[in-house]
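The structure appears right after this line, and notes come after that.
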Amino acid sequence: MGFSVSDFPFVVRSDSRDPRSFPSHGEVLAYLQDFAKEFEIEEMIRFETTVVRVAPAKEESGNGGFESTEKEKKVGRDEIYDALVVCNGHYTEPLLAEIPGISSWPGKEMHSHNYRIPEPFKDLVVVRIGNAASAEDISRDIARAAKEVHVASGSNAADTYIKQAAPWLSFIGIAWKVVPFPMFELQSNWIAGALSGRITLPSEEDMMVEIETLYATHEAQGIPKRYTHHLGITQFEYKNWLASQFGCSGTEEWRKETYLTTGVRKRRIGKSSLCFSSLPRFLFV
């Protein structure tokens, strides 16, 4: 499985589990639960807790850091932390397509963010808009119950940044079109190294030059700024650079080959034309 982290490989742990190289979302969830149990991560998580506010700590509080107001089961709590790592990724808020006339359409519209099980789609005609990984996974899942599943796609289908002026703030998982878990692992190790002082940050001037160079390169190639964190094939160079910073081996060749081969197979499918025998009753975006 290409998404597993280095020290916890994907292994089928019971006969009821999914052994495929491209498993179901249920198997991915089970893997994460196994990982949390193996390394006793759940003991360090505050469940049912909302972070209401985060702000740089006041100067009189000491050496930087962040103030946090949290709410756990309606009980408020103020905390001060040495560092803040934001790990909500880029899938928090669903983005629905603006389709003229959709309000008068008699069917239903749903974002993949809200998908859970295929049974509600039994005997329905479903249109899937998009061609990313979650779209393909959901299509296969829904096909077991739906009458028809149609695909509409218009295309084939330094992100860890700690500013010198705010070395206590960092983000994980902003990059997209990547193999996620191995990247998260490398980013986490790099951030831990930077916060502990084992990895020395470049000067703010050098980082700004690198960012400006990246933007200029994208502009020359006609790449819009919203694709700044789109990595695709360049993810492997990025991951290898992260790994080299703390003396870890880079991306295994089989992971890269799996990613590239899967991409080739997707491009062979190409665009799908829509020709409905009946009016679709469900639209996925």
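The values are calculated or read from the model by the stated rules, or taken from the named source; none is laboratory data. Just so we're clear, the structure is a prediction, and the values are computed from it rather than from any experiment. Note that each Cβ is placed from the backbone with ideal geometry, even for glycine, and that neighbours are counted across all protein chains shown.
Are there any pairs with C-beta distances below 6 angstrom linking a residue in the range 102-118 that is over 15 Å from Ile138 (Cβ atoms) to a residue that is among the charged types (D, E, K, R), with the two at least 6 apart or on different chains, and if so which?
Correct list of pairs: Gly107/Arg281.
Which residues, taken from the range 70-119, are on the phi > 0 side of the Ramachandran plot and within 16 Å of the chain's Cα centre (by Cα)?
Matches in the range 70-119: Gly89 only.
Those residues that are at pLDDT 80 or above and among the β-branched types (Val, Ile, Thr), I need them from the range 1-42; list them, please.
Val28, Ile41
Return only the number of the condition from (1) surrounded by fewer than 16 Cβ atoms within 10 Å (Cβ to Cβ); (2) modelled with pLDDT of 85 or more that Arg77 does not satisfy.
With respect to (1) surrounded by fewer than 16 Cβ atoms within 10 Å (Cβ to Cβ); (2) modelled with pLDDT of 85 or more, Arg77 is out only on (2).
The rows are residues; the columns are (1) under 22 Å from Ile174 (Cα atoms); (2) at pLDDT below 85; (3) of a type outside the set (Gly, Ala, Ser); (4) out of contact with any Gly (no Cβ under 6 Å at 6 or more places or on another chain).
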site	(1), (2), (3), (4)
Phe47	no, no, yes, yes
Glu60	no, yes, yes, yes
Asn63	no, yes, yes, yes
His90	yes, yes, yes, yes
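Being in contact with a Gly (Cβ under 6 Å, 6 or more places away or on another chain) and among the small types (Gly, Ala, Ser): is that true of Ala243 here?
yes
Kindly list the number of the only condition in (1) exposed (fewer than 12 other Cβ atoms within 10 Å of the Cβ); (2) in contact with a Pro (Cβ under 9 Å, 6 or more places away or on another chain); (3) assigned to a strand (DSSP E or B) that fails for Glu67.
The one condition Glu67 does not meet is (1).
Given Gly173, Gly193, Gly247, which one is of a type in the set (Gly, Ala, Ser) and in a helix (DSSP H, G or I)?
Gly193
Within the bounds of the range 37-55, is there any residue that is out of contact with any Leu (no Cβ under 7 Å at 6 or more places or on another chain), over 29 Å from Val12 (Cα atoms), of a type outside the set (Lys, Arg) and in a loop (DSSP other than H, G, I, E, B)?
Yes, the range 37-55 has at least one match.
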